[in-house]
Every structure is written in structure tokens, then in C-alpha cells.
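Step one of this worksheet: look at the structure below.
Bear in mind these aren't lab numbers, they're just calculated from the coordinates by the rules spelled out. The model shown is predicted, which means the values in this text are computed figures rather than measured ones. Here Cβ is always computed from backbone atoms with ideal geometry, including for glycine, and neighbour counts include all displayed protein chains.
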Amino acid sequence: MLKRDFTEEQHMFRSAYRKFLQQEIAPHMERWREQGIVDREAFRRAGDQGFLMVWPEEAYGGLGDTDFRFEQIIIEENQYALTADWNCTLHSRLVGPYLKRFGSREQQQRWLPGCVAGDTILAIAMTEPDAGSDLAGIRTTAIDQGDHFLLNGTKTYISNGLNADLVIVAAKTDPLNKPRQLGLFVVERGAEGFARGAPLKKMGQKAQDTAELFFQNVIVPRENVLCDPGKGFAYLMEGLAEERLIAAVECLAAAQKAFDITLEFTRERKLFGGQLGDLQNTQFKLSELRAELDMQQVYIDQCVTALNGGQLNSVDAAKAKLVTSELLCHVVDEGVQLHGGAGYMDEYPICRMYTDARVTRIYAGTSEVMKLIVGRDLYRQETVPFIDRDLA
């Protein structure tokens, strides 16, 4: 594997975060999976040590460094420690940046310190029973009432839905005249008319609390609206490339972990008087996976560099998300197969990784939607032939 591009400071950050996971998060994961939700204290512990939300300015408690590689380290270490169910990146790098990009200075001063400290947990509510990848299908409305908006609707499959103190809600602001016009509205815990359903039972990622959210005549003051209430669709699109890169980093790191688990098992498993790893079929299977993983790691690291330079586009992010999520599901499937009967037992990590992986081909845009994005780009007139791309 080629050497990866991390600074000495980032290597030190990785070591410190790995130690934090081993001491503060991993010992509690089994209990959190059983109860279906991570204790709020986990966010506070991460906040106390500066690991929860690293990008905000120092005035808000962050490092003031927007280099995505810090978040990449957090994502990779969570996968390797088998603590990915905690999904702190949802709070810190999926939802938090909306406050940075579109929040006013007053809103940032009001909310970011608590987000960095772990006292205020974030969620974003886009998906509805009849609107997933197709945001135009959203039915939730926020009608302008002068000094406030009146919010009504239902959201589903919302991660951090139970723990969240602030929920950024996507809603239509002029459903009759401009049905594609959306706004982003911040609803705070305890708002009258805001209710949460029971925890949703899922196939995998069981420690990540997921719930339905209900909004019935919720009054959202104008000071809780993110930027222009008519441009929410554009705001959501602006964050999608990074969101899909985050998903790709998660998928690839999980695939790397699943491979390592499987390789170790085949080295130890006795079969026909030898080791499982001595068989040609085993070596061929793992050789193919090793090559695919290494090639994808180079592409993902290049995407991170592009994001840091403000050059990552939606098409390249879609390619990354598509291929890594499909690769992860392939790796865990081969891993279960090579584990044999043990792979079907919950006590073996590969079993849980198998069920956890399936949703990655759905969230952050399904594989089919990723193919549509790439496919449409292929037929745009301005598409540059591969051989000429370095001249474009």
C-alpha cells in the first residue's frame, strides 16, 4: 500500500483518538447496542477532550482547522475500534457544517459552543415516508407567519432522532406556487408541537438511535431559520458532495476492517490438516479484495485532497460513494463465507459488520441514484474525454 498523506500532527491526533475510543467508547458499545441509543455522556466525553467537533473556530472551542483529514481519521478509527454505531461524525461533520455555511454569527455564537462541548446534539431531518433520495417529494411545510414560520409534517429514519437537541428540518415554504422551494429550520428540544416516536428497530447499527419526528404547528422563530428560507434546496445540494465522501470514507474503512478480521481468521482456522489460508481459493479471494481495497483507498484519499482544496464535485463524490458501498458489501459477504458457520454467529465481529453494512448502499443516496448522477454526467456535452482531462 502506498504511503498516505497525513501530517505528524494528524498522526498524533490519530493515536490520541484511538486511545480515547479504547478507554471511553468501546467498553460501552455492547450496552448501547442493547438499549438502542448511545448515552449522551459519550458526546460530552468527546467534547471534553476536543474530539467531537474539530473544525469550528477556537472561540467556539474547536481547533479552527477545516482539514477534512482530521475527520477522516475519526471515521477510520471508529470503524477499526468497532464503535461506528456511535456515529459522532453525523453530529460533527454532516449536520454541524450547516451552521457554519448558512448560520448567522448570532446563531453560531448561540449554538456552536454547546455542539463542540457535547452538550448540544445535532440531527438533520430530510427523509419522509414518501420522500427519500427525491427531496422534491417532501411534504413537510413551513409557512411564513411574519415573525415566525409554522412547521407541520413528519420525518422518518432520523439518526440521532432521540438524542438530538437541535434538529435542522427541511420543509417547503411555498408548496402551492413553488413546490420545489425549501427552507432549513432549526427546531430545539422542547418546542411545543415537536414530538418523537419510539426508537425504530433496525437490521444493524443498533446503537445509533433512529426515530420518527412529528411537527404539529411548531412555531419556528425567524432567528432559527438558516439563511434564506427559499434556498434550502441549494443549501442541501451544496453539502451533498462532502456527505457522500463521508459515507465513502466510512464504507472503505469498514471494508478494510472486515478484510483484516477475515485475514486473521483464515490464518488461525484449522481445516483439512492445515490452515484455511493455505487453500488457493482463500488466497485468491483475499488477493482480489486486497487489490480492490488498495485501489479504492488511493481514490478516496485523492477525493479528500480535492475536498480540502474546494475542488470535489458531486459526480466524483457519487463515484466514491457508489463503489465503496458496493465494495464494503462484497467484502463482508466474502468475510462471512470464509468464516463459515462462525460468520453467522453474533459473537463474531464479521456477523455484525455484515448487517451493519447493508444500509450503506441506501443512505446518503442509493446506489441507483449514484449511477444516475454519474450517468447523466456522461451525456453532458461539456464532458471532457478522459485523455484530455489534465488539459481541461
Comparing Lys321, Lys257, Lys285, which has the greatest mean-square fluctuation in the GNM of the chain with Cα pairs linked when under 10 Å apart? Lys285
What Kirkwood Rh does the stretch 75-163 have if only Cα atoms enter the pairwise 1/r average? Answer in Å. 15.2
Could you work out the equivalent-ellipsoid semi-axes for the stretch 320-370, taking the square root of 5 times each eigenvalue of the Cα gyration tensor, largest first, in whole Å? 24, 10, 6
Quick check on the stretch 8-120: what are the equivalent-ellipsoid semi-axes from the Cα gyration tensor, as sqrt(5λ), descending, whole Å? 23, 17, 11
Burial ranking of peptide ranges 42-51, 246-255 (average Cβ count within 10 Å, highest at the top): 246-255, 42-51
Based on the alpha-carbon set only, what is the convex hull volume of the stretch 234-391 divided per residue, in Å³? 131
For Val186, Val374, Val95, order by how many other beta-carbon atoms lie within 10 Å, fewest first: Val374, Val186, Val95
Mean-square fluctuation maximum in Gaussian network of the chain, Cα pairs under 10 Å, restricted to Asp165, Asp278, Asp39, hits Asp278
How large is log10 of I(q)/I(0) for the chain at q = 0.06, 0.10, 0.11, 0.14 Å⁻¹ when the intensity is taken from the Debye formula with one equal scatterer per alpha-carbon? -0.25, -0.69, -0.83, -1.31
Can you tell me the convex hull volume per residue for the stretch 222-299, based on C-alpha atoms, in Å³ to the nearest whole number? 119
When Phe185, Phe233 are arranged by how many other beta-carbons sit within 10 Å of their Cβ, fewest first, they go Phe233, Phe185
P(r) over all Cα-Cα pairs of the stretch 123-227, 10 Å bins from 0 to the longest distance, whole percent per bin, short to long, reads 16, 50, 28, 6, 0
